[in-house]
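The values are calculated or read from the model by the stated rules, or taken from the named source; none is laboratory data. The shown structure was predicted, so the numbers you read here are calculated from the model rather than taken from an experiment. Positions of Cβ are backbone-derived with ideal geometry, glycine not excepted, and every protein chain shown enters the neighbour counts. Surface accessibility is based on the protein's heavy atoms, side chains included, excluding ligands, DNA and RNA. Shrake-Rupley method; radii C 1.70, N 1.55, O 1.52, S 1.80 Å.
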Amino acid sequence: MRWLPRDLGEKYLLVNVPEYKLRLYENNHIVLNMAVIVGDKKFPTPIFSDKMSYVVLNPSWNIPDSIAKNEIIPKLLKDPNYLADKGIDIYAGWNGNPEKVDSKNIIDGAILEDEEYLRNFRFSQTSSHDNPLGKMKFMFPNKYSVYIHDTPAKSLFENARRAYSHGCIRLSKPEELLSTIANEDKNLDILKANEILSSKVSEKSIGLDKKIPIHIIYLTSWVDENGVLQFREDIYNFDKIQKELLL
């Protein structure tokens, strides 16, 4: 706890990873409280503070190289129609406006196991029911490339242990977070946002007038807002690391 900022802000988001919870505080009062999904042990959600600066509606998902290599390409080799069925397009590069690429080129490179060749391509999934980002994402650009987002896999929130992601934080009630932010931000009109969400408009970014501090923390023991002592599983074995640092 001593490594946390001394001043968290008048209004801020707090995500406690071992608790699988996100809270929005305003003037020391909780105005929003929801379950979240965090990174699994192989892909732990990083612990840091930043500021949320914009939201993206109907987001496309630029699939990280590691996921494309280990998950997408093996499925493509088994089913040549996999990309089309999932709304995934391939582009010849990451910068500018690269051209779309036929999946046959990817299959040939994958069969040859030419990793250098495959790294030249960007896999991107358009906004859809299959898109793991859901209908919106909340951005605070950082060196870890993680963010908060919606998810179509709502059934996972029924589980007590919710460490399933590749590091990003998935929200159980993203619409409530969007609406709460819009209540006090002149740049975010909730009526226009809902029109975009219900349309077929592709990815739309909206900058926030007021950046919101966000603190992603890791507390396996704390006293909650009702004065009750809480304990949670040390899912990443961070307590052992912290103990050694404190000696």
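Could you please tell me which pairs satisfy a Cβ distance under 6 Å, a separation of 6+ or placement on different chains, a first residue in region 149-173 that is over 22 Å from residue 53 (Cβ atoms), and a second residue that is hydroxyl-bearing (Ser, Thr, Tyr) and assigned to a loop (DSSP other than H, G, I, E, B)?
Close Cβ pairs satisfying both conditions: 157/172; 162/20.
Taking region 229-247 on its own, how many of its residues are within 23 Å of residue 13 (Cβ to Cβ), out of contact with any Lys or Arg (no Cβ under 9 Å at 6 or more places or on another chain) and open to solvent by less than 60 Å² (accessible area, probe 1.4 Å)?
3
Given the criteria modelled with pLDDT under 85, under 29 Å from residue 57 (Cα atoms) and charged (D, E, K, R), does residue 69 qualify?
The answer is yes for residue 69.
Six or more apart or on different chains, Cβ atoms under 6 Å: show the pairs whose first residue is in region 1-24 and touching a residue at least 24 places away in the same chain (Cβ under 8 Å) and whose second is basic (Lys, Arg).
What qualifies is 14/23; 18/232; 19/232; 20/162.
Table: residues versus (1) touching a strand residue (DSSP E or B) at 6+ places or on another chain (Cβ under 6 Å); (2) open to solvent by 20 Å² or more (accessible area, probe 1.4 Å); (3) under 20 Å from residue 133 (Cβ atoms).
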site: 14; (1), (2), (3): yes, yes, no
site: 17; (1), (2), (3): yes, no, yes
site: 26; (1), (2), (3): yes, yes, no
site: 30; (1), (2), (3): yes, yes, no
site: 34; (1), (2), (3): yes, no, yes
site: 40; (1), (2), (3): yes, yes, yes
site: 45; (1), (2), (3): yes, no, yes
site: 52; (1), (2), (3): yes, no, yes
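Check 171, 247, 178 and return the single one that is at pLDDT below 95 and hydrophobic (A, V, I, L, M, F, W, C).
From the options 171, 247, 178, the qualifying one is 247.
Counting just the residues of region 55-64 that are open to solvent by less than 70 Å² (accessible area, probe 1.4 Å) and assigned to a strand (DSSP E or B), which one comes out nearest to residue 14 (Cα to Cα)?
55
For region 209-223: of the residues being open to solvent by 50 Å² or more (accessible area, probe 1.4 Å) and under 21 Å from the mean Cα position of the chain (by Cα), which is nearest to residue 15 (Cα to Cα)?
211
Do we have residue 50 as among the acidic types (Asp, Glu) and not in a strand (DSSP E or B) here?
In short, no.
Sort through 183, 226, 187, 194 and tell me the only one that's open to solvent by 40 Å² or more (accessible area, probe 1.4 Å), touching a strand residue (DSSP E or B) at 6+ places or on another chain (Cβ under 6 Å) and not basic (Lys, Arg). Talk me through it step by step, then tell me what you get.
Numbers: 183 fails: touching a strand residue (DSSP E or B) at 6+ places or on another chain (Cβ under 6 Å); 226 fails: touching a strand residue (DSSP E or B) at 6+ places or on another chain (Cβ under 6 Å); 194 fails: touching a strand residue (DSSP E or B) at 6+ places or on another chain (Cβ under 6 Å).
Just a single option satisfies the conditions, and that option is 187.
I'm trying to understand the selection: among the residues of region 1-40, which are modelled with pLDDT of 95 or more and not in a strand (DSSP E or B)?
Scanning region 1-40 gives 17, 18, 19, 20, 40.
Among the residues in region 65-74, are any in a strand (DSSP E or B) and either of a type in the set (A, V, I, L, M, F, W, C) or free of Cβ contacts under 8 Å to residues at least 40 places away in the same chain (or both)?
Checked against the condition, which is being in a strand (DSSP E or B) and either of a type in the set (A, V, I, L, M, F, W, C) or free of Cβ contacts under 8 Å to residues at least 40 places away in the same chain (or both), region 65-74 yields no hits at all.
Taking region 136-153 as the search range and keeping residues that are farther than 17 Å from residue 64 by Cα and at pLDDT below 95, which one is most open to solvent (accessible area, probe 1.4 Å)?
152
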